[in-house]
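In what follows, a single structure is set out as structure tokens and then discussed.
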Amino acid sequence: MMDTKQARFNMIEQQLRPARVLAANVLTLFSEIKREEFVPPAYRHLAFAAAAIPLGNGAHMFTPELEARALQALAMRRHERVLEIGTGSGYMAALLGAHAAHVLSYEIDPALADSARVNLEHARVRNVQVVTGDGLAGLPTQAPFHVIMVSGAVAEVPQTLLDQLTPGGRLFAVTGTRPAMEATLIHRIEHHFERVALFETDADFLRGAEPAPRFVF
């Protein structure tokens, strides 16, 4: 039987800290929010591993390092409203919710959306709403958002999402194409956007966000 307390400690000390995740509030969340409860039962033994855990239908969880580095980069505040694209298991939404006033999370796969709702309810996360649907266009009727978390890769960040950031807002996404993907943080400064490449990484594309096929003649 896995010693979850020791495995969680090892994840933080051997994966997160060496990746320069040093924000105390982020590390505390990884101690308190039980990642194993958001992992499919068949993969619970990998809950704390440096692995992208399968969720079904081609979807995977972010690695713990990617989750933590994204959360640290967003530097969220308690009053903020968050839009997440790609709920997956609900774990990233739970992390976001612990730092925000409210999280609206879109999941295109109905089965994953249902599972995430169950996981979040079990974890007693009350400020996350999971919506079944394609979130790549965002939700203009409820914009602007202080933070937009794109929990999956996109070839390019849609301008429609950027336009839904409030001035001072931030968007995190994994952009580009394999093998040269980057974790990117975009700040909205009034009417323009400042992009910062954070680190190289790898992630599955969100459905509908894949790069256009290249034809060779």
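The values are calculated or read from the model by the stated rules, or taken from the named source; none is laboratory data. Note that the coordinates shown come from a computational prediction; the quantities given were computed from them, not determined experimentally. Here the Cβ is made from the backbone with ideal geometry for all residues, glycine too, and neighbour counts use every protein chain on show. Note: areas computed on protein heavy atoms with side chains; ligands, DNA, RNA excluded. Shrake-Rupley method; radii C 1.70, N 1.55, O 1.52, S 1.80 Å.
Expected output is a single nm value to one decimal: the length gained when fully extending between Glu13 and Arg207, i.e. 0.36 nm times separation in residues minus the C-alpha distance. What is it?
66.5 nm
Could you please state, rounded to a whole Å, how far the C-alpha centre of the range 167-209 is from the C-alpha centre of the range 60-91?
Centre-to-centre distance over Cα atoms comes out at 13 Å.
Nearest 5 percent is fine: what portion of the DSSP beta bridges confined to the chain is antiparallel?
50 percent
Using a 1.4 Å probe over the heavy atoms of the protein chains, calculate the carbon and sulfur portion of the accessible area of the chain as a whole percent.
So the carbon and sulfur contribution to the accessible surface is 54 percent.
List the residues whose amide H sits under 5 Å from the amide H of Glu80, counting only those 5 or more places along or on another chain, with H placed 1.01 Å from N in the peptide plane.
Amide H neighbours of Glu80: Ala101.
So for the range 26-153, averaging the separation of alpha carbon pairs under 8 Å that are six or more residues apart and normalising by length, what relative contact order in percent results? Intermediate values should be presented prior to the final figure.
Numbers: 211 pairs, mean separation 32.1, N = 128.
Worked out over the range 26-153, it gives 25 percent.
Quick one: what are the phi-derived ³J(HN,Hα) couplings along the range 20-31, Karplus 6.51/-1.76/1.60 with θ = phi - 60°, whole Hz, x for glycine and proline?
6, 8, 10, 5, 4, 5, 6, 4, 4, 4, 5, 7
Using modelled backbone amide H atoms (1.01 Å from N, in-plane), which distant-in-sequence or interchain residues come within less than 5 Å of Gly152's amide H?
For Gly152, whose amide H was placed from the backbone, the distant partners under 5 Å are Val174.
Would you grab the residues whose amide H sits under 5 Å from the one on Phe199? Only those 5+ places off in sequence or on another chain, please, with H modelled 1.01 Å from N.
Excluding prolines and chain starts, which carry no amide H, the hits are Ala183.
Counting each DSSP H run of 4 or more residues in the chain as -39500 (n - 2.57), what helix-only mean residue ellipticity at 222 nm follows after dividing by all residues, to the nearest 500 deg cm²/dmol? Numbers along the way, then the final one.
Numbers: 6 runs with 52 residues, N = 217.
For the chain, the value works out to -6500 deg cm²/dmol.
Please report the net charge: other residues with Cβ closer than 11 Å to the Cβ of Leu46, K and R +1, D and E -1.
+1
Let me have the relative contact order for the range 13-66, percent, based on Cα pairs under 8 Å that are six or more residues apart.
Relative contact order, the range 13-66: 29 percent.
Find, among the trypsin sites (Lys or Arg not before Pro) in the range 75-136, those assigned to loop by DSSP (not H, G, I, E, B) with at most 13 other beta-carbon atoms within 10 angstrom.
Those satisfying the criteria are Arg77, Arg78, Arg124, Arg126.
Quick one: compute the contact order of the chain, relative version, from alpha carbon pairs under 8 angstrom and 6+ residues apart, as a percent. Before the final figure, lay out each step's value.
Values: 413 pairs, mean separation 31.3, N = 217.
Normalised by residue count, the contact order of the chain is 14 percent.
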